[in-house]
Amino acid sequence: MLKIEKFVVNPLQENSFVISDETGECIFVDPGFYFEVEHDEVRDYISDNHLKPVMIANTHCHFDHIMGVEFIRKEYDVPFYAHPDDAFWVEKALEQGQMFGFAMAQVDAPDFFFKMAEPLKFGNTELEIIHVPGHSPGHVVFYSKKENVLIAGDVLFHGSIGRTDLPGGNHQALVSGIKNKLFALPDETHVFCGHGPETTIGFEKTSNPFLM
Ligand SMILES: [Zn+2]
């Protein structure tokens, strides 16, 4: 049984997740922890629940999703995984952050790239990794058929979709990726987004104005 804890962090109100299963192992998805109080909050959550962090797995590497990567790396000595096509975003993070008015520390390159043919594994859990470019070229989503859960990053939001005006963005690719890959999942799939509230595939299929 997966437990998905959401932390709404940094001034961009990004959703960072700690995902654990019954073994106590956990992964960090899109750690955007920025303020000291956010560091304390996640630290307390890990220790109160006796969790064992094993990796950082990012849906994509825009600066608001990686602001907490170095903190998590240092705190828990875990490797950072991402898709190779988003590695350039890690290099650009400082500059991009500055454009939005943030002082953030340099984030080192991912330790490993996802092997797309293989699931993401921790504890007793396997998550399917699905490449859905368009918001960023190396954007992936994590899916558990067994748990009926999709971690969608900035691909799909409640009533909206990710912006495509940043470098490497592609509106056409994003829309077709959502329609062909995500809308192929069961309607009742619970979707956790990179910003804002949760939704379901069925709800977005019938009401998302960007996908009509
Ligand atoms: Zn993004």
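Below are the figures for this structure:
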item: Out of Phe113, Phe100, sole residue that is within 16 Å of the ligand (Cβ to nearest atom), in contact with a helix residue (DSSP H, G or I) (Cβ under 9 Å, 6 or more places away or on another chain), among the aromatic types (Phe, Trp, Tyr) and farther than 13 Å from Phe28 by Cα; result: Phe100
item: Selection count where residues are in a strand (DSSP E or B) and buried (at least 20 other Cβ atoms within 10 Å of the Cβ), scope the range 130-148; result: 5
item: Of all residues in the range 42-80 being of a type in the set (D, E, K, R) and in contact with a His (Cβ under 9 Å, 6 or more places away or on another chain), the one that is nearest to the ligand (Cβ to nearest atom); result: Asp64
item: Within the range 149-159, considering residues that are of a type in the set (A, V, I, L, M, F, W, C) and out of contact with any Gly (no Cβ under 8 Å at 6 or more places or on another chain), the one surrounded by the most Cβ atoms within 10 Å (Cβ to Cβ); result: Leu150
item: Which listed residue is of a type in the set (D, E, K, R), within 20 Å of Val132 (Cβ to Cβ) and either part of a loop (DSSP other than H, G, I, E, B) or modelled with pLDDT of 95 or more (or both), from Asp85, Asp108, Asp44, Asp40; result: Asp85
item: Any chance Phe183 is open to solvent by 10 Å² or more (accessible area, probe 1.4 Å) and either within 14 Å of the ligand (Cβ to nearest atom) or among the hydroxyl-bearing types (Ser, Thr, Tyr) (or both); result: no
item: Residue under evaluation Pro167, criteria (1) more than 27 Å from Glu118 (Cβ to Cβ); (2) assigned to a helix (DSSP H, G or I); (3) within 13 Å of the ligand (Cβ to nearest atom), criterion not met; result: (2)
item: Per-region count, the range 28-55, residues hydrophobic (A, V, I, L, M, F, W, C) and crowded, with 24+ Cβ neighbours inside 10 Å; result: 3
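The values are calculated or read from the model by the stated rules, or taken from the named source; none is laboratory data. Keep in mind the model is a prediction, meaning the values are calculated, not measured. No Cβ is skipped: glycine too gets one built from the backbone with ideal geometry, and neighbour counts run over all protein chains shown. Note: accessible area is taken over every heavy atom of the protein model, side chains too, but ligands, DNA and RNA are not part of it. Shrake-Rupley method; radii C 1.70, N 1.55, O 1.52, S 1.80 Å.
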